[in-house]
Amino acid sequence: MMVTFVSQCEKNALKRTRRILDAFANRIGDNTWQTVITENGLKTVHKMLRQSASRNSAISCHWIRSRSRFQLLWVVGNKNKFNNEGHVPVNRTEKSLLGSQYENNWKYLPLIDAFTRLAGLLHDWGKASRLFQTKLDPQCKTSAKGDPIRHEWISVLLFSALVKTSDQPQHDLSWLDTLITQRIDEAKLQNWLTEQQSHQQEIKPLTHLPDAASLLSWLIVSHHRLPSLRVDKEINNLKDHTCDTITLLLQRLKQNWGYENRQDKKEYQQRVSQCFEFPQGLLSQSLVWLTALSSAANHLKQQLPLFMEAMQNGSWRLIAHHARLCLMLGDHHYSSQNNDPNWQTNINLYANTALEPNNGGKKLKQKLDEHLLNVTEAARNVVEYLPFFESEPPVACDIKKLKPQKNPKQGFQWQDKAVTAISHYRDENNDNISGFFIVNMASTGCGKTLANAKIMQALSDDKQSLRYILALGLRTLTLQTGDEYRARIGLDDSQLAVLIGSQAIQQLHQDELSPKNEEPETEYEATGSASVENLFDGDDELRWQDEAWQGILPEEELITVLKRAKDRALLYAPVLACTIDHIMAATETTRGGRYILPCLRLMSSDLVIDEVDDFMGEDLVAIGRLIHLAGMLGRKVMISSATIPPDLALSFFHAYQQGWHLHATSRHLNHQVGCVWVDEFTAHLATLNNSEQTAQYYQAEHQTFIQKRTERLAEKPARRKATILPLPRDKNDTDQQKSYFQAIQQAIIAQHQQHSFPDKLTGINVSFGVVRMANIQPCIQLTRFLLEAIWPQEVDIGPWPITADKYCYCAMHRKNILMRYLNARKSREKHPPH
């Protein structure tokens, strides 16, 4: 194949690119190369360019297919240097992102910016207390177990005092004018706090706040952790009460929702008063802080009409979500930086400390007003990037194996038929429907995994690309799915990341695929910054080309959450196959910033949950929250399994539809949801409006699909027949277990007689079966019973217990042997090894 390379690199990246391309191609211009090369050779060039890529890299590769036709194959580095066809722009203009076309339909972005800005300036106001400043003092040698009251609760109390001591505390304009005119009366605030101190447990200080103050209070109080009630009596009292407004939520919040530390009651009583003492004032002497507050308050005041609209249509929830994420990212970023040596202020209040490089002791780092202003600036930068997080992350394109096949294999034609049906549906609706909820119920062995990829490609914006998360419940299944995507879809390591929760499982799986043991990849070392938490546990492992996708997004504010290759994989990889716990952090994280990367990923990535019926109980509730968030962020969701109960499908659809309604409202999009049901027989599509009868309509459509499916399944010969065994009921527990095990023994004999086959060498009838037990101890007891039981003379049994408490290597070795028996596609051996 003949290819042309075009480089738009800058600085040192240009030298590195020239050095690589000069070794493979002829230079026909200053930054242009051309050569005849094999496909494997081109892959080598591509990999080397990715490995050397930086933010200043931009190289395109064009395949010259004929005299009049060429095709863009790929771009390494900054895609913005080229258009979709690989052409280089002849002129450039610059414009601020805020207010530009890149915002698309982000109508409420100015509101997100306004709330983030004010929250950043107030989020650590409570650090001005005597207790916190004493704790930061390098001379302080006390070993207290924690603050009696957390600083974010003190901060929100100070803000509540500011609101309630204003001229008209029931109106947002009143407290905003107080900030705009810089009339912060510290004496009033301290008097109000003194009254609160005497009623710490009885009163709820965040009640009766106006709407904008309520949302701002939520951002301040939750910028480290979400409120978490731990008193069983109060939890039971609130179980049956909904909380669908920010006002109702704040009315319930008290200090004991995770914002106090009473482990040592004596110490608490001795130190709690210091949380309400401010001997060095409340920052009102910092002119730079007051000026920034005035400007931010004026900005929010101008946005109040838009905010009232958001409160009425429910979009305030999206504003709160995005603003909190931006605030926490900004806080993480600037807290990890050194102090500004040029910061000029006479304030002697500090926000944090750093370690002395010589003796390991602590030293004061950032001034409090410096910290508040710079966190605000970093958070506002993140706000500016939000549209980019949604639209710019990379996708996998031009995947040949996902294109319709002329002669598909028998039993897999339904995949292309489903894609055709979806394409016709989108054409009929003029692509006016953006929200989709898909149910794939194809039978086991019909190719759901490949079909999921084809369906998600058909639903992408250009109908030709992939960007989604494939979430699964089991680690080994995740690895196997990654292997299948590589082999059957042709995704390479720059398009697919496989992320699981155990390095041991990953290594054993790799040993199965490769007979030679290879050294595991070196882990990226943590930076040790106390202000930033790692997104994953230390034993997480992945397979991904971590040099890929450099320079896609501005990463200055992401350095604290993109520390390792796994972090970059979760955010950037076009197709991410992972255990579901990595994405569940987006909704289940109550403390710290572990939710940040999963949320950023969901802003640009659709969601596929495979084998969803494997989950139970509270897990399903948590998955429902995840699906709701995906809908809120405007993504498409698919649930996939051969057996999905109707109630489960309805519940997940309802969660998605409610989330999509919020997204569509905030972006002026079509509120309708396209619903897709797919199996190996047919593809059923329907459009559902947002109304009180939506659930009934969905049930009816789902039942129509299920009815057709059961009719078609009844026409096919039964491949699996169930046998229900009667079990005796003995009063004695020991006798009952023995009777239970004896029934299993007789069932094993019956199944052996029905399904055994003769071995070609010995002529002995052989059969293999699985007895699945719910718990480990009964499994071990059953194994012992089967070994000690009396069997017919012609029967010889070899029970093999496989339990979750076995060593990884032992369990994996046994699994590999079973795979050789049961999976003919993975083994060509006629007889398994002894």
Per the rule of 0.36 nm per residue minus the C-alpha distance, extending T643 to N429 adds in nm 74.0 nm
Give, in nm to one decimal, the length gained when the segment between D614 and K107 is fully stretched (0.36 nm per residue of separation minus the Cα-Cα distance). 178.6 nm
If neighbour count is taken as other Cβ atoms inside 10 Å, put T353, T590, T142 in order from fewest to most. T142, T590, T353
Helix 304-313 sits off the longest principal axis of the Cα atoms of the chain, rounded to the nearest 10 on a 0 to 90 degree scale, by 30 degrees
Karplus (6.51, -1.76, 1.60) ³J(HN,Hα), θ = phi - 60°, over segment 705-710, in Hz, Gly and Pro reported as x: 5, 5, 4, 5, 5, 5
Given 578-585, 658-665, the highest-first ranking by average Cβ count within 10 Å works out to 578-585, 658-665
Would you order E370, E715, E234 from fewest to most other beta-carbon atoms within 10 Å of each residue's own beta-carbon? E715, E234, E370
With the crude spin-label approximation of a point 7 Å out along Cα→Cβ, what separation in nm comes out for L727 versus Q280? 6.8 nm
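So for each of 274-283, 672-681 I average, over its residues, the number of other beta carbons within 10 Å; can you give me the resulting order with the highest mean first?
The packing order, highest mean first, is 672-681, 274-283.
How much FRET efficiency would the formula 1/(1 + (r/R0)^6) give for L364 and Q793, where r is the Cβ-Cβ distance and R0 is 60 Å, rounded to 0.05?
For L364 and Q793, the calculated efficiency is 0.10.
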With the radius of gyration and the Kirkwood radius both derived from the Cα set of segment 111-389, what is their ratio Rg to Rh? 0.95
Report the FRET efficiency, 1/(1 + (r/R0)^6), for F412 and D461, where r is their Cβ-Cβ distance and R0 is 30 Å, rounded to 0.05. 0.70
For K367, K409, what's the fewest-to-most ordering of other Cβ within 10 Å of each Cβ? K409, K367
Largest to smallest principal axis extent of the C-alpha atoms in segment 2-81, angstrom: 34, 24, 21
Read phi for every residue in segment 657-666 and hand back ³J(HN,Hα) as whole Hz from Karplus 6.51 cos²θ - 1.76 cosθ + 1.60, θ = phi - 60°, with x for Gly and Pro. 4, 5, x, 5, 4, 5, 5, 5, 5, 6
For the chain, the dipole about the Cα centre with charges only on Cβ (Lys and Arg +1, Asp and Glu -1), to the nearest 20 debye, works out at 1820 debye
Go through segment 146-159 residue by residue and turn each phi into a ³J(HN,Hα) via Karplus (6.51, -1.76, 1.60, θ = phi - 60°); whole Hz please, and just put x for glycine and proline. x, 5, x, 10, 5, 5, 5, 6, 5, 4, 6, 5, 4, 5
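Assuming R0 = 30 Å, can you tell me the calculated FRET efficiency for the pair N765 and R488, based on Cβ-Cβ distance, to the nearest 0.05?
Step by step, r from the Cβ atoms, then E = 0.25.
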Subset of K135/K365; K43/K403; K401/K448 violating a 19 Å alpha-carbon distance limit: K43/K403
With only Lys, Arg, Asp and Glu charged, each at its Cβ (+1 for the first two, -1 for the last two), find how big the charge dipole of segment 2-81 is about the Cα centre; round to the nearest 20 debye. 160 debye
Can you tell me how much longer the chain between M773 and I749 gets when fully stretched, taken as 0.36 nm per residue apart minus their C-alpha distance, in nm with one decimal? 6.8 nm
What is the helix-to-structure angle for 186-197, meaning the angle in degrees between its Cα long axis and the longest Cα principal axis of the chain, kept from 0 to 90 and rounded to the nearest 10? 50 degrees
What is the distance in Å between the Cα centroid of segment 343-408 and that of segment 250-282? 30 Å
What does the highest-first list of 58-68, 112-122, 23-33 look like by mean Cβ count within 10 Å? 112-122, 58-68, 23-33
Surface/4 estimate of mean projected area, convex hull on alpha-carbon atoms of the chain, nm²: 44.6 nm²
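Read the figures in this text as sums done on the coordinates, not as results from a lab. Note that the structure is predicted; figures quoted are calculated from it, not measured. Every residue, glycine as well, gets a Cβ built from its backbone with ideal geometry; the counts of neighbours run over all protein chains shown.
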